[in-house]
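To start, the structure itself, in structure tokens.
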Amino acid sequence: MIARWLLGGILAFAGVAHLTSQRLEFQAQVPGWFPLDTDVVVLVSGVVELALGAALIALGRHRVLVGVIVAVFFVAIFPGNIAQWVDGVDAFGLDTDSKRFTRLLFQPVLVAWALWATGASGLARRRR
């Protein structure tokens, strides 16, 4: 439960940052090839992160479903992290290729955290 709440808090914090103080930093991570306005992408993803964070904290009964949705969200935003590395975009103190690459390694950790903290990883094992 603590791991789920902590991840929920991190997502909620990131969602607020999308909408306020770090909006420009997040805009820098939207790939240039993405067909929507970068500010719209940042605003929508911020709202989604707020909702997912609240769901992780409040929806204990549906935690497995929420965990899967959060994991899918982390996979969906991964191209932005890859684009930041490939394009050499500085944001969030990631001002070298090695820092940007190292960040890529943490995305699978977030996916695993979402699945583990909500029991979704155990559900897949039980179904086998």
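All of (1) buried (at least 18 other Cβ atoms within 10 Å of the Cβ); (2) over 17 Å from Gly15 (Cα atoms); (3) under 12 Å from the mean Cα position of the chain (by Cα) hold for Pro79 with one exception: (1). Close contacts from region 87-108, counting a first residue that is under 15 Å from Ile77 (Cβ atoms) and a second that is among the small types (Gly, Ala, Ser) and outside any helix (DSSP H, G or I), with Cβ to Cβ under 6 Å and a gap of 6+ residues or different chains, come to Val89/Ala28; Ala91/Ala28.
Looking at this structure, is Ala71 of a type outside the set (S, T, N, Q), crowded, with 16+ Cβ neighbours inside 10 Å, under 14 Å from the mean Cα position of the chain (by Cα) and more than 14 Å from Arg23 (Cα to Cα)? Considered against the rule, which asks whether it is of a type outside the set (S, T, N, Q), crowded, with 16+ Cβ neighbours inside 10 Å, under 14 Å from the mean Cα position of the chain (by Cα) and more than 14 Å from Arg23 (Cα to Cα), Ala71 comes out as yes. For Val86, are the conditions met, namely being surrounded by fewer than 15 Cβ atoms within 10 Å (Cβ to Cβ), of a type in the set (Val, Ile, Thr) and closer than 22 Å to Ala17 by Cβ? Against the criterion (surrounded by fewer than 15 Cβ atoms within 10 Å (Cβ to Cβ), of a type in the set (Val, Ile, Thr) and closer than 22 Å to Ala17 by Cβ), Val86 does not qualify.
Residues in region 17-40 that are under 28 Å from Leu59 (Cα atoms) and under 13 Å from the mean Cα position of the chain (by Cα): Ala17, His18, Phe26. Inspect region 104-117 for any residue being at pLDDT 90 or above, of a type in the set (Gly, Ala, Ser), surrounded by 13 or more Cβ atoms within 10 Å (Cβ to Cβ) and out of contact with any Phe, Trp or Tyr (no Cβ under 8 Å at 6 or more places or on another chain) and give the result as yes or no. Looking for residues that are at pLDDT 90 or above, of a type in the set (Gly, Ala, Ser), surrounded by 13 or more Cβ atoms within 10 Å (Cβ to Cβ) and out of contact with any Phe, Trp or Tyr (no Cβ under 8 Å at 6 or more places or on another chain), one finds at least one in region 104-117, hence yes. Arg100 meets the stated requirement of being in contact with a strand residue (DSSP E or B) (Cβ under 6 Å, 6 or more places away or on another chain), surrounded by 15 or more Cβ atoms within 10 Å (Cβ to Cβ), of a type in the set (D, E, K, R) and assigned to a helix (DSSP H, G or I). Among the residues of region 35-68, those identified as exposed (fewer than 14 other Cβ atoms within 10 Å of the Cβ) and either modelled with pLDDT of 90 or more or within 14 Å of Ala117 (Cβ to Cβ) (or both) are Pro35, Leu36, Asp37, Asp39, Val40, Val44, Val47, Ala58, Gly60, His62.
The values are calculated or read from the model by the stated rules, or taken from the named source; none is laboratory data. Quantities reported herein were computed from a predicted structural model and do not represent experimental measurements. Note that we place each Cβ from the backbone using ideal geometry, even for glycine, and neighbour counts take in every protein chain shown.
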